[in-house]
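S.K.: Just dropping this structure here.
Throughout, read-outs are computed from the coordinates displayed, never taken from laboratory work. Just so it is clear, the structure is predicted and the values come from calculations on it, not from any experiment. Note that we place each Cβ from the backbone using ideal geometry, even for glycine, and neighbour counts take in every protein chain shown.
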Amino acid sequence: MSLMRSLGTPVTVGLISLAAPAFAGAEGRIEINQVDAAIGGVTPGDAPGFPVTLDRPGSYVLTGNLATSDVNESALRVLADGVTIDLAGFQIEGPALCSGSGETFGCSSGSGSGIDATGRQRTAIHGGTIRGFADYGVRLGDASRVFDLRLRRNGRGGVIGSDRCIARSVHALENDGAGIDLGHSAVVVDSLTHRNAEAGIEGDFAAVLIGNASQTNGGDGLSGLFGGNVIHANTAVENAGNGIRASDGALVTRNVLQANETRNLFLNASAGYARNVITSTASSPVTVVGGVALDGNLCDNGACP
Amino acid sequence: MIRMDSMRRGARRSLRREARRRRSAALSAVVGMVAGGAAAEDGAIEIHQIRALAGSVVPGDAPGFPVTIGRSGRYRLTSNLVVSSPGISAIRVDAPDVVLDLNGFSIEGPNVCTGEGETLDCGPIGSANGVFATQENVVVRNGTLRGFSSNGASFASGFRAIDLFLTENAIHGLSSSGDGEVQGCVAFRNGFAGLSPGRRSNLLHNVASGNGTNGIQAAQGTRIVGNSLWQNGGRGISLANSGLSGGLVEHNAVVDNGGDGMLIGDGVLAISNSIRANGGNGLSVVLGAAYGYNNVRANGGITITVTGGDVASNVCEGNLSCP
């Protein structure tokens, strides 16, 4: 609404409402910055202040950093299917504070997320940083995508999603939960999870986890919690849980696992594994538990047990 | 105190500059939308709903849908496009070498699907596509193609489909007559296959789920790597032609589909896939196909249908003694 006020003429306002939502800038995308958030009217149902509610499908772009001040307040709330949010290199920052390290690491509690798209489909979020929210950095619904995103120091986790989601080139660091936690039929590629309080990466049935690095997380490095997962070409190093945990019918190939405290590789009895390189240490002595060994696995420079 | 006042003045100046910039940008957008035919600063030609209805996006484009792109170049959506008639495509590309950036927007038709996978019903089939490319080397990326009576996207050869959501299209999410690349797409709840590319295509890191028939329906020489196929009504992956098929199927999760987990034809190598809890056979193998390092588990039919094609060990029902 602020743009309509500033433009001032009824004719122009009419054209805007016909042709594009309020604040449509170059490329037709709706612009969001701290001033817009404070004024409201980013979409027709958006009230002044946070959260900025996106109740129309379309494409949105940040034109400045956003900062919230209430741990129970989300920055952006998606209320329509088919919303794309380009952070354009900017940061969305909440007020949650994290302190401590390792087992003493903790963040402020609260219910505010960076972007909350719970229950919506076809949300795409990319191109910036989301940090300091007491809940998750990002909550996704079904069939959504995050890429080129940094999620740091959020209180319950980096990103949580429903089924059929894709995460690509996501860096989830020091979140007080899992770094990347997606549902069934997830694809997670080329991502980095580091020093999260729980698992680095989690997926459910039919998860495909390829080319990721998970290090020094408080839980498992990578985890396929249900069945039929493909976990390939990842590194899992110095995680407090299992390096890789995989369920019924999973396949675990060509991963490098080192110094993961609970077990380096923990598999359901029917999961297969091949061509992994596993290195134990005095504080992480268990190389492999469970699974069916295919060829080419190397445990501490020798055959796997 | 003087420094604080100076900072406040600076902040106010910044806000005024921002307001001026936004007014200018918004007015430019409005003028462009009404005038039609203008290119953006980077040379891309902008397409939006009003311009689509007005016509002349490029010379030869008649008013209304489909927007016809008859010249090579770069195009960008600057609004969602909504087509209300069930028989009409949204964008028709009749020139080679076109890049169409959906810019995060959606192209939507009126088709609606109910149910999912084996229970999916997408209504009557027609001839409308979200994007219908008749020429080679067309790129479409970053947006949604939803609700058309034929395919979400239909391509010739040399295409690229990147980061698309493809859903509720009555036939396929994506179809092509020739080779191309599909990467980072989510194809779900389409009436037939999620992804049905032509020969010698490359499918990387996609999700195909809840589609009416096969998740991926591929043809000779196709490479299918790192995809998740879950709860489709037919097979998870089908790559088998009459005669020589060829192709590579690697690192895919094929789970809980209604038909076979995977059908691979002569000359296809299926390697390092998880094939679990599908309604039909786990791995249906045509003579001449090869397979290794797969985990085939708890499928409704035969675990692996043909012996002798194994190029490496597989895990079947939790052990290495596969048929």
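S.K.: What distance in nm separates the two pseudo spin-label positions at A:Ala47 and B:Ala62, each 7 Å out from Cα along the beta-carbon direction?
M.R.: That separation, rounded to one decimal, is 5.0 nm.
S.K.: Are there cysteines in the protein assembly as shown with no other Cys C-beta under 4.7 Å, and if so, which?
M.R.: Isolated Cys, the protein assembly as shown: A:Cys165, B:Cys185.
S.K.: Sticking with this one: Could you let me know the centre-to-centre spacing of the range A:213-230 and the range A:42-61, using Cα atoms, in angstrom?
M.R.: The distance from the Cα centre of the range A:213-230 to that of the range A:42-61 comes to 35 Å.
S.K.: Amide H neighbours of B:Val249 under 5 Å, counting only residues 5+ apart in sequence or on other chains, H built in-plane at 1.01 Å?
M.R.: The list, which skips near neighbours in sequence, is B:Ile224, B:Leu269, B:Ala270, B:Ile271.
S.K.: Using Cβ counts within 10 Å as a stand-in for footprinting exposure, how do A:Val189, B:Val112, B:Val207 rank, fewest first?
M.R.: Values: A:Val189 22, B:Val112 12, B:Val207 31.
Exposure proxy ranking, most exposed first: B:Val112, A:Val189, B:Val207.
S.K.: What is the dipole size for chain A, taken about its Cα centre, with +1 at each Lys and Arg Cβ and -1 at each Asp and Glu Cβ, in debye to the nearest 20?
M.R.: 380 debye
S.K.: Additional query: Tell me, what ³J(HN,Hα) does each residue in the range A:39-45 have, in order and in whole Hz, if you take phi through Karplus 6.51 cos²θ - 1.76 cosθ + 1.60 with θ = phi - 60° and put x for Gly and Pro?
M.R.: 7, x, x, 4, 10, x, x
S.K.: Expressed as a rounded percentage, what relative contact order does chain B have, with Cα pairs under 8 Å and six or more residues apart?
M.R.: Details: 1103 pairs, mean separation 25.5, N = 323.
About 8 percent, as a whole number.
S.K.: Mind checking which of B:Phe165, B:Gly123, B:Gly259 is farthest towards the positive end of chain B's charge dipole, using Cβ charges of +1 (Lys, Arg) and -1 (Asp, Glu) about the Cα centre?
M.R.: Value computed over the given set: B:Phe165.
S.K.: While we're on this one: Calculate how many DSSP beta bridges within chain A are antiparallel, expressed in % of all such bridges and rounded to the nearest 5.
M.R.: Details: 5 of 95 bridges.
Once the DSSP bridges in chain A are tallied, antiparallel ones form about 5 percent.
S.K.: Given R₀ = 22 Å, FRET efficiency for A:Ala269-A:Asp295 by Cβ-Cβ distance, to 0.05? List each step's numbers first, then the result.
M.R.: Details: r = 19 Å, r/R0 = 0.85.
Efficiency for this residue pair is about 0.70.
S.K.: Follow-up. Whose amide H sits under 5 Å from the amide H of B:Val93, counting only residues 5 or more places off or on another chain, with H placed in the peptide plane?
M.R.: Placed amide hydrogens put B:Ile69, B:Phe132, B:Ala133, B:Thr134 under 5 Å from B:Val93.
S.K.: Now for a separate question. Return the calculated 222 nm mean residue ellipticity for chain A, to the nearest 500 deg cm²/dmol, obtained by summing -39500 (n - 2.57) across DSSP H runs with n ≥ 4 and dividing by the residue count. Show your work: numbers first, answer last.
M.R.: Numbers: 3 runs with 22 residues, N = 305.
Here the helix-only value at 222 nm equals -2000 deg cm²/dmol.
S.K.: If you don't mind, there's one more thing I want to ask. Return the FRET efficiency for the residue pair A:Asp70, B:Ser84: r is the Cβ-Cβ distance, R0 is 60 Å, and the value is rounded to the nearest 0.05. Don't jump to the answer; show the numbers that get you there.
M.R.: Details: r = 42 Å, r/R0 = 0.70.
For R0 = 60 Å, the calculated efficiency reads 0.90.
S.K.: Right, something else. Along the charge dipole of the protein assembly as shown, which of A:Val256, A:Gly155, B:Ile45 sits closest to the positive end, that is, farthest toward it, with unit charges on the beta carbon of Lys, Arg, Asp and Glu (+1, +1, -1, -1)?
M.R.: The residue sitting farthest along the positive end of the dipole is B:Ile45.
S.K.: Follow-up question, since we're still on this one. Suppose R0 equals 60 Å. What FRET efficiency, 1/(1 + (r/R0)^6) with r the Cβ-Cβ distance, do B:Ala39 and A:Thr104 give to the nearest 0.05?
M.R.: Values: r = 57 Å, r/R0 = 0.95.
E between B:Ala39 and A:Thr104, to the nearest 0.05, is 0.60.
S.K.: Something else now. For chain B, what does -39500 (n - 2.57) per DSSP helix run (n ≥ 4), summed and divided by total residues, give at 222 nm, in deg cm²/dmol to the nearest 500?
M.R.: Numbers: 2 runs with 40 residues, N = 323.
Calculated from helices alone, the mean residue ellipticity at 222 nm is -4500 deg cm²/dmol.
S.K.: In addition: Against the longest alpha carbon principal axis of chain B, how many degrees, from 0 to 90 and to the nearest 10, is the axis of helix B:2-35 turned?
M.R.: The two axes meet at around 70 degrees.
S.K.: What are the ³J(HN,Hα) values, in whole Hz, obtained from phi via the Karplus relation 6.51 cos²θ - 1.76 cosθ + 1.60 with θ = phi - 60°, for each residue of the range A:52-69 in sequence order, with x given for Gly and Pro?
M.R.: Karplus-based 3J(HN,Hα) across the range A:52-69 equals 6, 9, 9, 10, 10, x, x, 10, 10, 9, 6, 10, x, 5, 10, 9, 9, 10 Hz.
S.K.: So, in Å, what gap is there between the alpha-carbon centers of the range A:274-290 and the range A:106-160?
M.R.: Taking the Cα centre of each part, the range A:274-290 and the range A:106-160 sit 33 Å apart.
S.K.: Report the label-to-label distance for A:Ser111 and A:Ala282 in nanometres (one decimal), using points 7 Å from each Cα along the Cα→Cβ vector.
M.R.: Each label point is offset 7 Å from its Cα along the Cβ direction, giving 4.9 nm.
S.K.: Hey, could you get me the Stokes-Einstein D for chain B, Kirkwood radius over alpha-carbon pairs, 10 °C and 1.306 mPa s, rounded to whole µm² s⁻¹? Show your work: numbers first, answer last.
M.R.: Numbers: Rh = 21.0 Å.
It comes out at roughly 76 µm²/s.
S.K.: Placing +1 at every Lys and Arg Cβ and -1 at every Asp and Glu Cβ, with all other atoms neutral, what dipole size does the range A:25-73 have around its Cα centre, in debye to the nearest 20? It would help to have the intermediate numbers written out before the result.
M.R.: Working: 2 positive and 7 negative charges, 22 e Å.
I would put it at about 100 debye.
S.K.: Taking the dipole about the Cα centre of the protein assembly as shown, with the C-beta of Lys and Arg at +1 and of Asp and Glu at -1, give me whichever of B:Gly233, B:Leu145, B:Ala270 is farthest to the positive side.
M.R.: B:Leu145
S.K.: Oh, and also: With the crude spin-label approximation of a point 7 Å out along Cα→Cβ, what separation in nm comes out for B:Glu118 versus B:Asp94?
M.R.: So the label points at B:Glu118 and B:Asp94 sit 4.5 nm apart.
S.K.: Which value, in debye to the nearest 20, gives the size of the charge dipole of the protein assembly as shown about its Cα centre, when Lys and Arg are +1 and Asp and Glu are -1 at the Cβ? Could you put the intermediate results ahead of the total?
M.R.: Values: 46 positive and 53 negative charges, 391 e Å.
It comes to approximately 1880 debye.
S.K.: Could you list B:Asp42, A:Asp81, A:Asp70 so that the one with the fewest beta carbons within 10 Å of its beta carbon is first and the one with the most is last?
M.R.: Details: B:Asp42 9, A:Asp81 21, A:Asp70 14.
Sorted ascending by nearby Cβ count, the order is B:Asp42, A:Asp70, A:Asp81.
S.K.: How much of the DSSP bridge set in chain B is antiparallel, in percent, rounded to the nearest 5? Mind showing how you got there, number by number?
M.R.: Values: 3 of 92 bridges.
About 5 percent, rounded to the nearest 5.
S.K.: Right, next: Treat the count of other C-beta atoms within 10 Å as a stand-in for reagent exposure and order B:Cys113, B:Cys322 from fewest to most. The partial results should precede the final answer.
M.R.: Values: B:Cys113 22, B:Cys322 18.
By the 10 Å Cβ count, ascending: B:Cys322, B:Cys113.
S.K.: Determine the shape class of the protein assembly as shown: with a ≥ b ≥ c the square roots of the Cα gyration tensor eigenvalues, call it rounded for a/c under 1.5, and otherwise prolate if a/b is greater than b/c, oblate otherwise. Walk me through the numbers on the way to the answer.
M.R.: Working: a/c = 2.52, a/b = 1.26, b/c = 2.00.
Taking the square roots of the gyration eigenvalues as a ≥ b ≥ c, the protein assembly as shown is oblate.
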